[in-house]
Amino acid sequence: MALTDTFVKNSKPTGAPAGNKHRDGGGMYLLVNVGGKYWRMDYRYADKRKTLALGVYPAVSLLKARQRRDKARELLADGIDPSAAKRADKQADEAAAANTFEAVARDFHATKAPGWSEGHATKWLRMNELYLFPKLGKLAIGSIKTPTLLAALRKVESMGILSTAQDLQAMAGQVFRFGIQTGRCDSNPCTDLRGALMPHIPKHFAAVVDPVDAGALLRAIDAYTGQPTTVAALKLSALFFQRPGNIRAMEWAWVDLDGELLSIPAMEMKSTLHAKMNHRAHLVPLARQAIEVLNSIKLLTGHGRYVFPGARSSERPMSDGTINAALRRLDYGKDEHVAHGFRAMARTMIAERLTGIPPDIVEAQLGHGKAGPLGSAYDRAEYVAQRRQIMQTWADYLDKLRTGADVIQFKTA
């Protein structure tokens, strides 16, 4: 007698060691035991008795189980073993799951991340999770064509983040190349996207580069009534012209007040992981004015790890938005001057206003890659004396700007 939905729902195990079998016909039956209710089908193939699992109730209903039984009987009629066909389908599904864009991207990331900086590895995966995986992640990588990829990138463009769209195109290209290398796709649709995205014109960080305006900025910083640590961070940003991240994350262990030197570990610098692991610390000689600022702030934070600890926890450095927020309170908008602008201010004004300073030394002080023949040499400890003179010259120049002295205006045409 055929089973009914009501019977299946209400059936209970009787405690029999092998469970209870309730037949439905065509070899199919419901196996009920203490572990649950299972659909099974007994059949013969090549003169051997076999059993095919059709699913688990209630995830697989009586109707669905019958449909699977009927499909299995059709395979048998065609001379195909249903169990072998099921295994082949499972293997195909597993292969497809391993060959989705997301699976290949994560495999690529796991392969390459050990050679990347932690920040780049985190950003790479996060950007894919935010923008590409939702659109392409579940698609077989070999099925993705150029129009499909372009549609995903156009979605990012529509958000107004053109640089991100271009970064994602480059990342997708890496994934497809890896897919080709590992035999999971045959082509790279990114190769046909050249010129398809809207151009991104990078903007320079807003910065004050005029001497009169720089003097006004320095006076505004002196008059700032916010947290003393924030005032000190602003002052050192101008004196050091290092990256904002290195300023806010500065540790007292890096500071040698007696030796008048700041040593930023190579692992904290913006570079590839290989460069981080194979380069010396980045040296920043401390001018007299910088030492004064550090001595004043040491009374407040010298007992802890960070020169500028976070407002909520001394175990974390100052927030990355603190300096920019302070500049906004000083009425310097994001189009006028930002935290990163102190670097542009120093680089521009040293080149235009202070004579006799080799550009290679300035680039070395900025922590940039060494472009000229003197670059790597000036980054060595033996050249600290030259660096010290430059940093003191710059600090003295800022003092003159602050008081309005020795400010020479260029003549306008």
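The values are calculated or read from the model by the stated rules, or taken from the named source; none is laboratory data. All figures in this text were calculated on a predicted structure; none of them were measured in a lab. Ideal geometry is used to build each Cβ from the backbone, glycine not excepted, and the neighbour counts take in all protein chains shown.
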- Task: Among residues belonging to region 335-366 that are out of contact with any helix residue (DSSP H, G or I) (no Cβ under 8 Å at 6 or more places or on another chain) and under 18 Å from LEU236 (Cα atoms), point out the one that is surrounded by the fewest Cβ atoms within 10 Å (Cβ to Cβ).
- Result: THR348
- Message: Residues that are among the charged types (D, E, K, R), at least 1 per element: which strands (runs of 3 or more DSSP E) completely within region 1-50 meet that?
- Response: 20-25, 36-45
- From ASP42, ASP47, ASP70, ASP81, grab the single residue that is under 49 Å from the mean Cα position of the chain (by Cα) and acidic (Asp, Glu). ASP81
- Of the residues that make up region 347-358, is at least one under 20 Å from ASN246 (Cβ atoms), over 32 Å from the mean Cα position of the chain (by Cα) and in the same structural domain as LEU236 (by TED's automatic domain parsing)? yes
- Could you check TRP252 against (1) surrounded by 15 or more Cβ atoms within 10 Å (Cβ to Cβ); (2) touching a helix residue (DSSP H, G or I) at 6+ places or on another chain (Cβ under 9 Å); (3) under 26 Å from GLY310 (Cα atoms); (4) at pLDDT below 90 and say which number it fails? (4)
- Message: Quick check on region 59-70. Is at least one of its residues within 18 Å of LEU3 (Cα to Cα), modelled with pLDDT of 95 or more and either in contact with a His (Cβ under 8 Å, 6 or more places away or on another chain) or assigned to a strand (DSSP E or B) (or both)?
- Response: no
- Could you please give the count of residues in region 2-46 that are in contact (Cβ under 8 Å) with a residue 24 or more places away in the chain, of a type outside the set (A, V, I, L, M) and surrounded by 13 or more Cβ atoms within 10 Å (Cβ to Cβ)? 8
- Message: List pairs: first residue in region 152-163 and assigned by TED's automatic domain parsing to the domain that holds LEU139, second residue part of a helix (DSSP H, G or I) and of a type in the set (Ser, Thr, Tyr) anywhere in the structure, Cβ distance under 6 angstrom, at least six positions apart or on different chains.
- Response: VAL156/TYR131; VAL156/THR164
- Mind listing whichever residues of region 123-162 are within 17 Å of the chain's Cα centre (by Cα), modelled with pLDDT of 90 or more and not aromatic (Phe, Trp, Tyr)? LYS123, LEU125, ARG126, MET127, ASN128, GLU129, LEU130, LEU132, PRO134, VAL156
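Go through region 59-76 residue by residue and tally those that are without any contact (Cβ under 8 Å) to a residue 24 or more places away in the chain and either more than 13 Å from GLY26 (Cα to Cα) or hydroxyl-bearing (Ser, Thr, Tyr) (or both). Explain how you work it out, then say what you get.
Of region 59-76, the ones without any contact (Cβ under 8 Å) to a residue 24 or more places away in the chain are 59-60, 63-64, 67, 71, 74-75.
Within this subset, residues satisfying the condition of being either more than 13 Å from GLY26 (Cα to Cα) or hydroxyl-bearing (Ser, Thr, Tyr) (or both) are 59-60, 63-64, 75.
The number of residues fulfilling the criteria is 5.
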- Please give the number of the condition TYR332 fails out of (1) buried (at least 18 other Cβ atoms within 10 Å of the Cβ); (2) outside any loop (DSSP other than H, G, I, E, B). (2)
- Task: Could you please give the count of residues in region 75-93 that are among the charged types (D, E, K, R), in a helix (DSSP H, G or I) and more than 18 Å from THR51 (Cβ to Cβ)?
- Result: 1
